[in-house]
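Following: one structure in structure tokens, then a few remarks.
The values are calculated or read from the model by the stated rules, or taken from the named source; none is laboratory data. Because the structure is predicted, anything quoted here is derived from the model rather than measured. With ideal geometry, Cβ positions are generated from the backbone for all residues, glycine too; neighbour counts draw on all protein chains shown. To get the accessible areas, we keep the full protein, side chains included, count just its heavy atoms, and leave off ligands, DNA and RNA. Shrake-Rupley method; radii C 1.70, N 1.55, O 1.52, S 1.80 Å.
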Amino acid sequence: MDTTRISIVGGGIGGLSAALALQRFGFRVTVFEQARELREVGAGVIITPNAMHALDFLGVGGRIAQEAGPCEALATRHFETGEVLKLRPAGIDYSERFGASYHQVHRVDLHTALADAVRENDPDCVVLGHRFESLTQDDGQVAVRFANGTTHESDVLIGCDGNASQVRACVFGEETVNYTGQVAFRALVPMSTVPASIQDHPFAMFVGANRYFLHYPLRHRAIMNLIGVGREPRWQEEGWRIPATVEEFETLYGDLYPPALQLVRTVSPGTLFKWGLRDREPLQHYSKGRVTTLGDAAHPMTPFLGQGACMAIEDGMVLGRAFAAASTIDEALRLYEMARKERANGVQLASRRQADEIQGVTTKGANPGKDALERGLYSYNPVTVPLAATGDGASV
Ligand SMILES: Cc1cc2nc3c(=O)[nH]c(=O)nc-3n(C[C@H](O)[C@H](O)[C@H](O)COP(=O)(O)OP(=O)(O)OC[C@H]3O[C@@H](n4cnc5c(N)ncnc54)[C@H](O)[C@@H]3O)c2cc1C
């Protein structure tokens, strides 16, 4: 297995986590990314203890924690009045409870930390400007064709090309994709423009009928990350970089707590984005022959549990361990899928169910099962979970 040629399609959080984990166990990996430069969108991502275990093991957890700053108290606030309905205090010792910390991280910082670590191990690991188009495989190898006309052969291919994965479509066929009737908005604003009544509770969730609005600070309170997800039956495009106007936001959020609405009005033109959420059914298998899928390519999920990136990091960690433990590619892919499918598909389905809870449809913001759900999510450790286990996702 030491000389196995491993290719990864997609240099996002999942692809780079997988590359780093495989390198950590002594494998040489090539990551093919469609973009001409390796970069992430400017947005926040919450990294919970389950994923931090892997980042710590891979040697990047310390840097990410240091750049992010400590976890803030979470306030659940009334959508219109801003009254604090529930306060989860700051300083919860996640490390004591779960063995790893919890952070609100700038996606660029997470992605850069992973990319730097991967390139430090192997400066030639990431190949840019290669958009995957198609593949063929046989008993001996998998051959990939890119949009720039080049081809590449390897022993195994890992599709980490996100929600609308072309690798998944090539291996398992095109699937039905449903627009969820939910549109998401996101923006980053400098903390200096944030009203004091918002800064008092920098990590807050406004739960409204069929909508929520969430904000949390990044980089030691230098920046505020804003995100809203609401029901909008009219069809919306999928993607992260679709410009939106404040007027569009106000159509759905006009009755939001005025200081929070004012905050969105201060967003610089061209830096408010929107996209329509798609929902896909869980895959019955992640792998076929010499090709497997990982992260959103394997289990694209709605954002209502904020676990997509964490699942991609967990996947990468377990995949690396599976290759280290196995004596054949077939065995490695089998171990990976057995250890991951129930957990990640379980989170995919739980995230779908969580929409009603988080948007006050069923519980008016009280969300009584959230603590137990979080315990199930955060107590998983991808560094130590038994590789042949199938029952880890039972609690979610
Ligand atoms: C509103 C919202 C909030 C979220 N908040 C959180 C959160 O707080 N915590 C959390 O854990 N998760 C969160 N997520 C989910 C998280 O962002 C994703 O699950 C995560 O980015 C998945 O990583 P990935 O590497 O699998 O896919 P991606 O990040 O989509 O990366 C895929 C990569 O593949 C490349 N690529 C695509 N197609 C090709 C091709 N044909 N050829 C070559 N390269 C290709 C892309 O350019 C990209 O670099 C959120 C998601 C949304 C929508």
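Picking from L261, L305, which residue would you name as being open to solvent by less than 30 Å² (accessible area, probe 1.4 Å), free of Cβ contacts under 8 Å to residues at least 40 places away in the same chain and either away from the ligand (no atom under 12 Å from the Cβ) or under 11 Å from the mean Cα position of the chain (by Cα) (or both)?
L261
Restricting the search to segment 138-162, which residues are part of a strand (DSSP E or B) and touching a Ser or Thr at 6+ places or on another chain (Cβ under 7 Å)?
Listed by number, the residues that qualify are V142, A143, V144, R145, H152, S154, V156, L157, I158, G159.
Give all pairs with beta carbons closer than 8 Å in which a residue from segment 129-149 that is without any contact (Cβ under 8 Å) to a residue 40 or more places away in the chain meets a residue that is more than 14 Å from the ligand (Cβ to nearest atom) and open to solvent by 30 Å² or more (accessible area, probe 1.4 Å); count only pairs at least 6 apart in sequence or on separate chains.
A143/T136; A143/Q137; A143/E153
Does M317 satisfy the criteria of being within 16 Å of the ligand (Cβ to nearest atom) and modelled with pLDDT under 95? Write out each step before concluding.
On the way: within 16 Å of the ligand (Cβ to nearest atom): yes; modelled with pLDDT under 95: no.
It is false that M317 is within 16 Å of the ligand (Cβ to nearest atom) and modelled with pLDDT under 95.
What residue, among those in segment 214-255 that are open to solvent by less than 30 Å² (accessible area, probe 1.4 Å) and part of a loop (DSSP other than H, G, I, E, B), is nearest to Y102 (Cα to Cα)?
G239
Among the residues of segment 6-25, is there at least one that is assigned to a loop (DSSP other than H, G, I, E, B), free of Cβ contacts under 8 Å to residues at least 60 places away in the same chain and either buried (at least 21 other Cβ atoms within 10 Å of the Cβ) or more than 16 Å from the ligand (Cβ to nearest atom) (or both)?
Among the residues of segment 6-25, not one is assigned to a loop (DSSP other than H, G, I, E, B), free of Cβ contacts under 8 Å to residues at least 60 places away in the same chain and either buried (at least 21 other Cβ atoms within 10 Å of the Cβ) or more than 16 Å from the ligand (Cβ to nearest atom) (or both), which makes the answer no.
Kindly indicate whether any position in segment 74-95 is open to solvent by less than 60 Å² (accessible area, probe 1.4 Å), in contact with a strand residue (DSSP E or B) (Cβ under 7 Å, 6 or more places away or on another chain) and part of a loop (DSSP other than H, G, I, E, B).
yes
Of all residues in segment 163-183, which are of a type outside the set (A, V, I, L, M, F, W, C), open to solvent by 20 Å² or more (accessible area, probe 1.4 Å), within 13 Å of the ligand (Cβ to nearest atom) and not in a helix (DSSP H, G or I)?
Listed by number, the residues that qualify are N163, T180.
For the condition within 16 Å of the ligand (Cβ to nearest atom) and in contact (Cβ under 8 Å) with a residue 24 or more places away in the chain, what is the one hit in H103, H78?
H103
Yes/no matrix, rows are residues, columns are (1) open to solvent by 10 Å² or more (accessible area, probe 1.4 Å); (2) part of a helix (DSSP H, G or I); (3) of a type in the set (S, T, Y):
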| site | (1), (2), (3) |
| --- | --- |
| R97 | yes, yes, no |
| S101 | yes, no, yes |
| H111 | no, yes, no |
| L114 | no, yes, no |
| E120 | yes, yes, no |
| D124 | yes, no, no |
| G129 | yes, no, no |
| S134 | yes, no, yes |
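State all residues of segment 346-370 that are part of a helix (DSSP H, G or I) and at pLDDT below 75; if no residue qualifies, say none.
Correct list: K370 only.
Could you figure out which of (1) away from the ligand (no atom under 15 Å from the Cβ); (2) open to solvent by 10 Å² or more (accessible area, probe 1.4 Å); (3) closer than 25 Å to H215 by Cα; (4) at pLDDT 95 or above isn't true of K288?
(3)
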